[in-house]
Ligand code: GDP
């Protein structure tokens, strides 16, 4: 199950309301205190938690909710709605360029699953009738090019590379030209990840952005890293500007903090979730379904 610890605790707290015929403000306060603790333990951003609890209290108190026949159920419904809103309200789909090829530039720190995700995204788009080209722009990590080639082979998707001695800006540009020449309507650009965000990394990504004008810059973040993932997202968004997020490793024993905070902190949508190591383990991210999975 997704976010097992968090789900257990939230369901536990809310179950106390379920059976009650009447809910007092004190009851609500106590349950919301438990909800708050559960979210903080799941590594959800403090400010996000504070606003979340405040909104739920405001919606519950002073409205018809407390006086209704099933106040507990109404409050649980509000929690579900607010969890959904937190993660983005509705599914945010990829956009396509009216002047193909559509270029998606994948950025992120090393080890988050960027190269794997480039392949997964290619596979997903291929299944949807597109003709993607993978472009190997990670020239710093040893074996990144080879890894992308292996992934491409498994998916039967072409991979463009120029080795690791060429400037990534030129690789990106040549990759797009290659796609035009070979009838690929999608270019998925794998870029270099570093261990930390640094000026050089950002300058280089900025250079690629200027040169190829990607339809979307998609930040790949590792859900297992919790608040760090959110900080990274904030940073990339401030410096480079991102259009969407792919959260990887949601299948692992992540506590949930990244998934629940990253949208609210950056105001950028989570577009996909990586749910495993296999190349087919990529799912469009549905905030409402995720909320329902958490609340059971
Ligand atoms: P990069 O350095 O960002 O390009 O990362 P890689 O693509 O090499 O991935 C790093 C590791 O994370 C690999 O072992 C991948 O199999 C693994 N990985 C990537 N995405 C997921 C995911 O969604 N779930 C799990 N469990 N592992 C993943």
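Since every read-out is calculated from the coordinates, none of them should be taken as a lab result. Being a predicted model, the structure only gives us computed values, none of them experimental. Ideal geometry is used to build each Cβ from the backbone, glycine not excepted, and the neighbour counts take in all protein chains shown.
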Separation of the stretch 224-296 and the stretch 1-30 by C-alpha centroid, Å? 25 Å
For helix 25-41, report the angle its Cα long axis makes with the longest principal axis of the Cα atoms of the chain; keep it between 0 and 90° and round to the nearest 10°. 30 degrees
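Rounded, prolate or oblate: which fits the stretch 84-130 when a ≥ b ≥ c are the square roots of the eigenvalues of the alpha-carbon gyration tensor, with rounded for a/c under 1.5 and prolate only if a/b beats b/c?
On the way: a/c = 1.71, a/b = 1.07, b/c = 1.60.
In terms of gyration-tensor shape, oblate.
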Provide Rg and Dmax in Å for the stretch 48-203, with only Cα atoms included in the calculation. 22.3, 70
Between 0 and 90°, nearest 10: helix 71-86 axis offset from the chain longest Cα axis: 20 degrees
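Can you show me the helix-derived [θ] at 222 nm for the chain, built from DSSP H runs with n ≥ 4 at -39,500 (n - 2.57) apiece and divided by the number of residues, rounded to the nearest 500.
Details: 11 runs with 150 residues, N = 296.
Theoretical 222 nm ellipticity from helices: -16000 deg cm²/dmol.
Does the stretch 106-190 come out rounded, prolate or oblate by the C-alpha gyration tensor, with a ≥ b ≥ c the root eigenvalues, rounded set by a/c under 1.5 and, if not, prolate when a/b is larger than b/c and oblate if not? Walk me through the numbers on the way to the answer.
On the way: a/c = 1.79, a/b = 1.18, b/c = 1.53.
In terms of gyration-tensor shape, oblate.
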Would you mind checking the tilt of helix 114-127 against the longest principal axis of the Cα atoms of the chain, expressed as 0 to 90 degrees and rounded to 10? 90 degrees
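For the stretch 162-252, what is the Kirkwood hydrodynamic radius in Å, using each pair of distinct C-alpha atoms? Kindly include the intermediate steps, with their values, before the conclusion.
Details: mean 1/r = 0.0694 Å⁻¹.
After inverting the mean inverse Cα-Cα distance, the result is 14.4 Å.
If you take the square roots of the eigenvalues of the alpha-carbon gyration tensor of the stretch 30-75 and sort them as a ≥ b ≥ c, do you get rounded (a/c under 1.5), prolate (a/b over b/c) or oblate? Write out the running numbers ahead of the final one.
Details: a/c = 3.61, a/b = 2.11, b/c = 1.71.
Since a/c reaches 1.5 and a/b is larger than b/c, the shape of the stretch 30-75 is classed as prolate.
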When the convex hull of its Cα atoms is projected in every direction, mean area for the chain (nm²): 15.6 nm²
Expected sort for 34, 64 with the fewest Cβ neighbours (10 Å cutoff) up front is 64, 34
